[in-house]
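Asks: Below is one structure. I have some questions about it.
The values are calculated or read from the model by the stated rules, or taken from the named source; none is laboratory data. All values reported here derive from a predicted model rather than from experimental measurement. So basically every Cβ, Gly included, is an ideal-geometry build from the backbone, and we count neighbours across all protein chains shown. For accessibility, only protein heavy atoms count, side chains too; no ligands or nucleic acids. Shrake-Rupley method; radii C 1.70, N 1.55, O 1.52, S 1.80 Å.
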Amino acid sequence: MQRRNFLSNLWKGAVTLIAAAGAWTTWDLLRPVSAGATGRVRAVSPDAVPEGGVIEIRAARAYLVKIDDQITAISEKCTHLGCRVPYCDSSSQFECPCHGSVFNRLGEFQAGPAPRGLDRYAVEVGEDGLLYIDTDTLEDGPAPGVDTLNEPPTGPSCTEGSH
Amino acid sequence: MSDLPTPGHTDGTSTPLPNPLSAKPTVIEGRRVLGIVPGKPAAGESKDHAEQDAVMVWPHLLVRHAVVAVATLLVVLIISLAFDAPLREIANPTNTPNPEKAPWYFAALQELLAHFHPLVAGVLVPGAILIGLAALPYIDRSDFIKPKHRKVAVNTFTTFLVIWIVLTLVGFAFRGPNWGWVWPWVEWHGEL
Amino acid sequence: MTIMDRVRNTTVGRSIFRSPDRATDRDRAAGHWSNFFLHIYPVKMRRAEIGFRYSWYLGAISTVLFGSLVASGIYLMFFYVPSPASAYTNIQTIQTEVAFGQYIRNVHRWSAHLMVLAVAAHMARVFYRGAYKKPKEFNWVIGVVLLVLTLLLSFTGYLLPWDQLAFWAVTVGTEMAAYVPLLGETIREVLLGGDTVGSATLLRFYVLHVAVLPVAVVLTLSIHLWRWRKDAMLDTPREEPE
């Protein structure tokens, strides 16, 4: 009986080995490769960011906002399902077209189905005096309920008037 | 059955069938024919029995399937001649269209996503639906077939089906910019 | 004698069909068994089960639509390269320059939508007539798998035109996967082949759409039909109180 057990185990072992090799190969093939092309994105001079306004840096897919001379880089990607969130000038808020999530000018969560505020990038002033957005350092947006800006919509929403 | 011609004599004008009784019997060693019993029809007499009778798939079902196939392809042909498949502008990662719509069969999910946390609407609900569907025959074990004898199963399924259809319709046709409510006859935002 | 009968009765015909006559039920059954395409059917079925009222032929309709999708899909593959640089212009070329291109693309698109409808309706019809009951439980489960495969096929095909509709529907759809606990972000990145919807995503969805998923459907559908054939006369009619 020992020989039968040995052969049986050998058989199971071989099958397991082949399955593992297949799974590993598949994983290695499909494993996402980091984009690599990102990194530090040169933006604009700090003075070009308007106080009380927002400018978009297309290359970084981010917005820069200045509040009390403090500049924050906010990701354009909705934390709900990844739609690009446009800025609404009339209400001074970010309003997502996909499922109606609303964020204030600092990207803090106001309303809608999003689980948190808009994510943020590190931003710094380089040697040439321009702002650089580091797209490798994405930090989660503020939790819902955090509202340091505490500023009501300055006007009508961009989307309610559309129908 | 007995009046059908035997293989090889299908046209009816050929030589008459040999009388089986007069033909020379095939003798198998150690066996002999005890007698020939006239065949009787396999089908029962009453209508009830007839419904449960076995009928040949060739040609009864095959001819029906052929008609169904041709009808289906005709419908596809007519729809394809009448309506062109949509093609929007080229993909642009920097501009999300407003409203952004999923394909219609995911419209119910998208509608749920506008109201619940994505873990609930995007993962738990579809997961539960699929597991529930797959487990259905192992939950409803009663022997009965008729809907009136399995009211719980039928009512549950119908409730979910109606909710799903309503959500799909709402997400598909009644949602406009910023996922706000619109009336489809006023402005149309459905995408196919 | 019809032409087909004559063909069947030639030497070559007999070598192909083996059972050349269709006169008696026994011939028909033999012809059935010796034909690769017909043998996915049972030889006999209950009279009640071959009529419109029983199935509404929704399973047959789904299968026919799948065939229509394979045919039109192969045609489209000749004119389509799955890369962001060419995908969209390929579709435009198909619509404007390729002979019957617009029509074939319409057939593919509308067949896909109709197939999702037909498969869902098939499932509902099977439920209401109680056809998932013993001994067909597992075939119902296979049917659920086929429903999922149909949706995945449709969804992966949705990205291929590389237009705004495609790009954002897939962005949202794959973001949903990211909410799966623990593995979510990994699943999303494996699907996308990167961080965002891009050239890797298009290639992955293309391979899934034209190779992996169709093969999976053919295999699963074969099992589905094979079990349907085996079960055709298996369950006994039940006596039910009125």
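Asks: At a 1.4 Å probe, which residues in the range C:44-75 are at least 50 Å² less accessible with all protein chains present than in their chain isolated?
Replies: C:Met45, C:Arg47, C:Ile50, C:Tyr57, C:Val64
Asks: While we're looking at this one, here's another question. Less than 14 Å Cβ to Cβ from C:Thr96, Lys/Arg counted +1 and Asp/Glu -1: what total charge do the surrounding residues give?
Replies: In short, -1.
Asks: Right, here's the next one. With a probe of 1.4 Å, find how much accessible area the range C:95-242 has per residue, and write the answer as a whole number in Å².
Replies: Counting only protein heavy atoms, the per-residue value for the range C:95-242 is 42 Å².
Asks: For the protein assembly as shown, with the dipole built from +1 on Lys and Arg beta-carbon atoms and -1 on Asp and Glu ones, taken about the Cα centre, which of B:Ala153, B:Asn92, B:Pro59 lies farthest toward the positive end?
Replies: So the residue furthest toward the plus end is B:Pro59.
Asks: How many angstrom lie between the Cα centre of the range A:67-146 and the Cα centre of the range C:1-58?
Replies: Distance between centres, Cα-based: 67 Å.
Asks: While we're here: Can you give the helix-only mean residue ellipticity at 222 nm for the protein assembly as shown, where every DSSP H stretch with n ≥ 4 adds -39500 (n - 2.57) and the sum goes over all residues, rounded to the nearest 500 deg cm²/dmol?
Replies: Rounded to the nearest 500, the figure is -14500 deg cm²/dmol.
Asks: Now a separate question. Ignoring ligands, DNA and RNA, please state the percent of accessible area on the range C:52-231 from carbon and sulfur, probe 1.4 Å.
Replies: Reported share for carbon and sulfur atoms: 74 percent.
Asks: Peptide C:97-105: average number of partner chain Cβ atoms within 10 Å per residue?
Replies: Other-chain Cβ atoms within 10 Å of each residue's Cβ, averaged: 2.
Asks: GNM, chain C, Cα, under 10 Å: largest mean-square fluctuation among C:Ile16, C:Ile187, C:Ile50?
Replies: Sorting by GNM fluctuation, first place goes to C:Ile16.
Asks: Cα centroids of the range C:61-86 and the range C:100-171: how far apart, whole angstrom?
Replies: 14
Asks: While we're here: Counting pairwise Cα distances across the range A:40-139, what percent come out greater than 22 angstrom?
Replies: Details: 1174 of 4950 pairs.
Result for the distance tail: 24 percent.
Asks: For the pairs B:Lys146/C:Lys44; B:Lys146/C:Lys230; B:Lys148/C:Lys230; B:Lys101/B:Lys146, note any where the Cα-Cα span goes beyond 30 Å. Could you put the intermediate results ahead of the total?
Replies: On the way: B:Lys146/C:Lys44 24 Å; B:Lys146/C:Lys230 23 Å; B:Lys148/C:Lys230 28 Å; B:Lys101/B:Lys146 40 Å.
With Cα atoms farther than 30 Å apart: B:Lys101/B:Lys146.
Asks: Please check the range C:147-171 for residues whose accessible area, probe 1.4 Å, is lower by 40 Å² or more when all protein chains are in place than in their chain alone.
Replies: When all protein chains are present, C:Leu151, C:Phe155, C:Tyr158, C:Asp163, C:Gln164, C:Leu165, C:Phe167, C:Trp168 each give up 40 Å² or more of accessible surface.
Asks: Just to be sure I understand: with springs between alpha-carbon atoms less than 10 Å apart, which residue in A:Asp136, A:Asp28, A:Asp89 has the highest mean-square fluctuation in the Gaussian network model of chain A?
Replies: In the Gaussian network model the winner is A:Asp28.
Asks: Under unit Cβ charges (Lys, Arg +1; Asp, Glu -1), what dipole magnitude, rounded to 20 debye, does the range A:1-79 have relative to its Cα centre?
Replies: 920
Asks: Could I ask something else about it? If you build the Cα gyration tensor of the range B:102-154 and take the root of 5 times each eigenvalue, what three semi-axes come out, in whole angstrom, biggest first?
Replies: With the √(5λ) rule applied to the range B:102-154, the semi-axes are 30, 12, 9 Å.
Asks: Compute the accessible area per residue over the range B:104-179, keeping the other protein chains in place, probe 1.4 Å, unit Å². Write down the numbers at each step before the final one.
Replies: On the way: 3800 Å² over 76 residues.
Solvent-accessible surface per residue comes out at 50 Å².
Asks: Which GluC sites (Glu not before Pro) in the range C:170-212 pass both tests, a DSSP loop state and at most 15 other beta-carbon atoms within 10 Å?
Replies: Taking the range C:170-212 and a limit of 15 other Cβ atoms within 10 Å, no loop GluC sites (Glu not before Pro) are found.
Asks: Along the charge dipole of the range C:1-93, pointing to its positive end and built from +1/-1 on Cβ of Lys, Arg, Asp and Glu, which listed residue (C:Ala30, C:Thr93, C:Gly13) has its Cα farthest out?
Replies: Farthest towards the positive end: C:Ala30.
Asks: Accessible area lost on pairing B with C, both sides, 1.4 Å probe, Å² to nearest 100? Walk me through the numbers before you get to the answer.
Replies: Working: alone 17080 and 15780 Å², together 25020 Å².
Using a 1.4 Å probe, the pair buries roughly 7800 Å².
Asks: Determine the share of chain A's accessible area contributed by carbon and sulfur atoms, expressed in whole percent, with a 1.4 angstrom probe.
Replies: In chain A, the share of accessible area belonging to carbon and sulfur is 55 percent.
Asks: Now for a separate question. Can you list the residues of the range B:66-81 whose accessible area drops by at least 40 Å² going from the chain on its own to the full set of protein chains, with a 1.4 Å probe?
Replies: Those residues are B:Val68, B:Thr72, B:Val76, B:Ile79, B:Ser80.
Asks: Another question, if that's okay. In square angstrom and rounded to 100, what buried accessible area do you get between chains B and A, total over both, with the probe at 1.4 Å?
Replies: 1500
Asks: What's the center-to-center distance, using Cα atoms, between the range B:126-163 and the range A:1-33 in Å?
Replies: First find each Cα centre; the distance between them is then 39 Å.
Asks: Using only the Cα atoms of the protein assembly as shown, what do you get for the radius of gyration and for Dmax, in Å?
Replies: 31.7, 116
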